[in-house]
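Visitor: Here it is, the structure in full.
The values are calculated or read from the model by the stated rules, or taken from the named source; none is laboratory data. This structure is a prediction, so every number in the text was calculated from the model and none was measured. Ideal geometry is used to build each Cβ from the backbone, glycine not excepted, and the neighbour counts take in all protein chains shown.
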Amino acid sequence: MTFATKLKEEICANDINRVEQFSELSAIIRYDAHVVDGKIVMTFENGSVARRVFKDIKSIFNVSPHIVVRNQKRLRAKQIYILEVSSWEIMKRLNVDKPMKREYLDTPEEMVAFVKGCFLVCGSINDPATGGYHLEYVFNLEDDACFVNDLLHEMKFDSKMIERSNKYMVYLKSAEEISDMIRMFQATTSLFYFEDIRIYRDHKNMVNRLNNCEIANQEKTTFTGMKQIEDIHYIEEHDLMGLLDEKTKLVLEYRLKYPESSYQELSSIISMETDYRIGKSGINHHFIKMRKLVEQHKKR
C-alpha cells in the first residue's frame, strides 16, 4: 500500500461535521463525477474514499447510491468502485451544476474540507522514504487548477501550477508545507511517519555536509602545508635561513615535522614541546614572513 493510499484512508477514517461534508463532497463530485443518462457516476480506486462518499450522500441527502465493484486486471489486479446516484438535487445543492466560485466557501473550515475532498480524488503524495518531497493535485481543466491554486495561496501555501500531458497540475515541493497540509488534514499517523522520515533525512544531509566540509578543510590544510614545505626547501637551498629570526625558524622546523597539521594543531604542539607559547595567528604571522622572504628573493 502506497503512502498516498494510507493517507487517504486515514483522512476517510476521521469524522467530520455536516458543513465539512458538504464542502468535501462538493469537491469530490465536481472533480470526479460524470453525468451519464441523467445519473451522477463516480469511479474510485480507493475503497475508503468510495465508502466515505456513499456514507456522506446517504447522510446528507437520504439517498443510497448504487454501488458496483469491478475487478480490473490490466497492468495489476485491483478493484474499481463505481457509485451511481440519480438525484439532480445533489448537484444543485452542492453547486456542482455551475462553475466553482470562491463565495461558495464561506469559512476556513469549508476551505479545508474542499481542499481535502480535492486531494481524495485528484491528489497524490510521494512516500518521503523512497523519493523527494512532492504533493500534487491533477485536474482536467485549467480553470479548476487555477481555482485550487488560488485557494491554496489564500491558505498560505506556496503552491505552483504547470501544464503536463494535457492536464493541469498544482503541486507543493516544500517538506514543511507538505507537513502542514497533512496536519491540516488531521492525519496524525501519516504526519508522524512523514516527520520521522523528514527528520532522519535532514540529519543525514547535515552529517554529509559536515563531512564534506571537514574533507574540504583537510584538503586545504594539506595543500597549504605542502606549499609551505616547498618554501622551506627553497630557503634552505638558497641559504636564506639566516635571514629569519629564531622563532620563525622554530615554526618552520615543526612544519617539516608535521606537514599535514593545521595551524591550530601546530600551535598546540609547539606550545607543548617548547617554551614558546604561540597561537594560530602567531603561526600565520611566521609563515607570512617566510613567504615574503621567498617572494623577494625570487624577484631578484
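Visitor: Test Ser86 against the criterion of being more than 23 Å from Ser190 (Cβ to Cβ) and surrounded by fewer than 19 Cβ atoms within 10 Å (Cβ to Cβ), and give yes or no.
Guide: Yes: the conditions hold for Ser86.
Visitor: So which of Lys167, Lys160, Lys173, Lys156 is exposed (fewer than 12 other Cβ atoms within 10 Å of the Cβ) and either assigned by TED's automatic domain parsing to the domain that holds Phe44 or charged (D, E, K, R) (or both)?
Guide: Criteria check complete, one pass: Lys156.
Visitor: List every residue pair whose Cβ atoms lie under 7 Å apart, where the two residues are 6 or more positions apart in sequence or sit on different chains, the first residue falls within the stretch 53-70 and is more than 19 Å from Gly117 (Cβ to Cβ) and not assigned by TED's automatic domain parsing to the domain that holds Val121, and the second residue, located anywhere, is of a type outside the set (Phe, Trp, Tyr) and part of a helix (DSSP H, G or I).
Guide: Short answer, once both residue conditions are applied: none.
Visitor: So, one more: What are the residues in the stretch 150-163 that are outside any helix (DSSP H, G or I), in contact with a strand residue (DSSP E or B) (Cβ under 9 Å, 6 or more places away or on another chain) and not polar (S, T, N, Q), if any?
Guide: Matches in the stretch 150-163: Phe157, Asp158, Lys160, Met161, Ile162, Glu163.
Visitor: Select from the stretch 244-268 the residues that are assigned to a helix (DSSP H, G or I) and of a type in the set (Ser, Thr, Tyr) and list them in ascending order.
Guide: Within the stretch 244-268, Thr248, Tyr254, Tyr263, Ser267, Ser268 qualify.
Visitor: Ile278 fails exactly one of the following numbered conditions: (1) β-branched (Val, Ile, Thr); (2) assigned to a helix (DSSP H, G or I); (3) farther than 18 Å from Phe223 by Cβ. What is the number of that condition?
Guide: If we test Ile278 against (1) β-branched (Val, Ile, Thr); (2) assigned to a helix (DSSP H, G or I); (3) farther than 18 Å from Phe223 by Cβ, just (2) comes out false.
Visitor: Output the residues belonging to the stretch 1-18 that are touching a residue at least 60 places away in the same chain (Cβ under 8 Å) and part of a helix (DSSP H, G or I).
Guide: Of everything in the stretch 1-18, those that are touching a residue at least 60 places away in the same chain (Cβ under 8 Å) and part of a helix (DSSP H, G or I) turn out to be Phe3, Ala4, Lys6, Leu7, Lys8, Glu10, Ile11, Cys12.
Visitor: The conditions are (1) under 14 Å from His286 (Cβ atoms); (2) in contact (Cβ under 8 Å) with a residue 24 or more places away in the chain, and Thr224 fails exactly one of them. Which is it?
Guide: Here Thr224 clears every test but (2).
Yes or no, residue by residue, for (1) surrounded by fewer than 12 Cβ atoms within 10 Å (Cβ to Cβ); (2) modelled with pLDDT of 80 or more; (3) under 28 Å from Asp196 (Cα atoms):
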position: Gln72; (1), (2), (3): yes, no, no
position: Ile80; (1), (2), (3): no, yes, no
position: Leu94; (1), (2), (3): no, yes, no
position: Leu120; (1), (2), (3): no, yes, yes
position: Thr130; (1), (2), (3): yes, yes, yes
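Visitor: Within the stretch 96-107, take every residue that is more than 19 Å from Tyr168 (Cα to Cα) and without any contact (Cβ under 8 Å) to a residue 40 or more places away in the chain and give me the one that is surrounded by the fewest Cβ atoms within 10 Å (Cβ to Cβ).
Guide: Residues of the stretch 96-107 more than 19 Å from Tyr168 (Cα to Cα): 96-98, 102-107.
From what's left, without any contact (Cβ under 8 Å) to a residue 40 or more places away in the chain: 97-98, 103, 106.
Numbers: Asp97: 12, Lys98: 9, Glu103: 6, Asp106: 11.
Checked the stretch 96-107; the qualifying residue surrounded by the fewest Cβ atoms within 10 Å (Cβ to Cβ) is Glu103.
Visitor: Related question: Would you point out which residue out of Arg209, Arg201 is part of a helix (DSSP H, G or I), loosely packed, with under 12 Cβ neighbours inside 10 Å, within 18 Å of the chain's Cα centre (by Cα) and not small (Gly, Ala, Ser)?
Guide: Result of the check over Arg209, Arg201: Arg209.
Visitor: Could I ask something else about it? Of the residues in the stretch 169-198, how many are more than 17 Å from Phe119 (Cβ to Cβ) and not in a helix (DSSP H, G or I)?
Guide: Qualifying residue count, the stretch 169-198: 0.
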